[in-house]
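Everything below concerns the one structure shown next.
Every number here is computed from the coordinates shown, using simple stated rules; none is lab data. Computed from a predicted model, the values in this text were never measured in an experiment. Every residue, glycine as well, gets a Cβ built from its backbone with ideal geometry; the counts of neighbours run over all protein chains shown.
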Amino acid sequence: GEDVEQSLFLSVREGDSSVINCTYTDSSSTYLYWYKQEPGAGLQLLTYIFSNMDMKQDQRLTVLLNKKDKHLSLRIADTQTGDSAIYFCAERESWGKLQFGAGTQVVVTP
Amino acid sequence: DAGVIQSPRHEVTEMGQEVTLRCKPISGHDYLFWYRQTMMRGLELLIYFNNNVPIDDSGMPEDRFSAKMPNASFSTLKIQPSEPRDSAVYFCASRGGPEPQHFGDGTRLSIL
């Protein structure tokens, strides 16, 4: 199947911006998603972007999509301790199946 | 909306026992997905249903695993007999049409 790759770990200081990167391989993906998983919880949909867009902003979150390079990023402005979690990038394949990356663990330090 | 509801939240049982995991999707959603999450393999799609019909079960690891969706508001994932390597967190997710998937909080399964 197609692979979605993410860096495994990111440490960021409270108040700074976080940038989580993701690469995908299926150029026919229609939607790309970011999910957040806190300890002991399920995956919470954060935001998503349609493949014909190159940017989407939602409050502190900014998603950038570079279709040519198949690169997706999530920027979190003014990172807070509550943003500590695992962040999953996912691409939507045919029939609506999602292919997930391995997740990026974000640790926010005071 | 109550979201996707899974039960039990935690299950500990002995090897060889039958395990049944339950899921109630969001009302009105026509797709239901079962995933397994482990440290080694990450998130794996096991099976998904559309309008209560199984569409793709290629992710089901073995014949010991089975899933049913008798109606639009309920699905089960069964493991019989269970083995220690089945220990994982099992997630159910649902989706309405082209909308994103919404996940339940998962069932943490431990097979001793």
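Once backbone amide H atoms are built at 1.01 Å from N, A:ASP16 has A:THR79 as its partners under 5 Å, excluding neighbours fewer than 5 places away on the same chain.
Counting Cβ atoms of other protein chains within 10 Å of each residue's Cβ and taking the mean over peptide B:66-78 gives 0. Beyond 19 Å, how much of the Cα-Cα pair distribution for chain B remains, as a whole percent? Result: 39 percent of Cα pairs exceed 19 Å.
What's the longest bit of chain B with no exposed trypsin sites (Lys or Arg not before Pro), using DSSP loop states and at most 16 other Cβ atoms within 10 Å as the test? Provide the component values of the computation, followed by the final result.
Details: sites that count: B:ARG9, B:ARG41, B:ARG64.
My reading of the result: B:65-112 is the longest stretch.
Among A:LYS36/A:LYS67; A:LYS36/B:LYS24; A:LYS70/B:LYS68, which pairs are too far apart, with a Cα-Cα distance over 32 Å? Listed pairs above 32 Å: A:LYS70/B:LYS68. Comparing B:PRO98, B:PRO61, B:PRO70 in a Gaussian network model of chain B where C-alpha atoms under 10 Å apart are linked, the largest mean-square fluctuation is found at B:PRO98.
Relative contact order for chain A using alpha-carbon pairs under 8 Å, separation at least 6, rounded to a whole percent? Please list the in-between numbers first.
Working: 275 pairs, mean separation 42.1, N = 110.
Once normalised by length, the contact order is 38 percent.
Under 16 Å from a label point set 7 Å out along the Cα-to-Cβ vector of A:ARG13, the amide N atoms of the stretch A:72-86 belong to A:78-81. Note on B:LYS78: aspartates and glutamates with a C-alpha under 20 Å away, same-chain residues under 8 apart excluded, are B:GLU11, B:GLU14, B:GLU18, B:GLU44, B:ASP56, B:ASP57, B:GLU62, B:ASP63, B:ASP86, B:ASP105. Sequentially through the stretch A:65-70, phi angles give Karplus couplings (6.51, -1.76, 1.60; θ = phi - 60°) of 10, 10, 5, 4, 8, 6 Hz, Gly and Pro residues having no value and appearing as x.
In debye to the nearest 20, how big a dipole does the protein assembly as shown give about its Cα centre with +1 on each Lys and Arg Cβ and -1 on each Asp and Glu Cβ? Please report the intermediate quantities before stating the final value.
Values: 21 positive and 28 negative charges, 45 e Å.
Computed charge dipole of the protein assembly as shown: roughly 220 debye.
Oblate is the label for the stretch A:27-110. Its Cα gyration tensor axes, ordered a ≥ b ≥ c, give a/c of at least 1.5 and b/c at or above a/b.
Working from label points 7 Å from Cα in the Cα-to-Cβ sense, the B:ASN50 to B:THR38 distance is 3.0 nm.
In terms of overall dimensions, the protein assembly as shown has a Cα radius of gyration and Dmax of 17.7, 51 angstrom. Computed over chain B, relative contact order equals 37 percent, with contacts defined as Cα pairs under 8 Å that lie 6+ residues apart.
Among B:VAL12, B:VAL53, B:VAL89, the largest mean-square fluctuation in a Gaussian network model of chain B (Cα springs under 10 Å) belongs to B:VAL12. Loop-located chymotrypsin sites (Phe, Trp or Tyr not before Pro) across the stretch A:4-42 with a Cβ neighbour count of 14 or fewer within 10 Å are lacking, with loop assigned by DSSP. Across A:SER18, A:SER27, A:SER51, mean-square fluctuation computed from a Gaussian network of chain A (C-alpha pairs under 10 Å connected) peaks at A:SER27.
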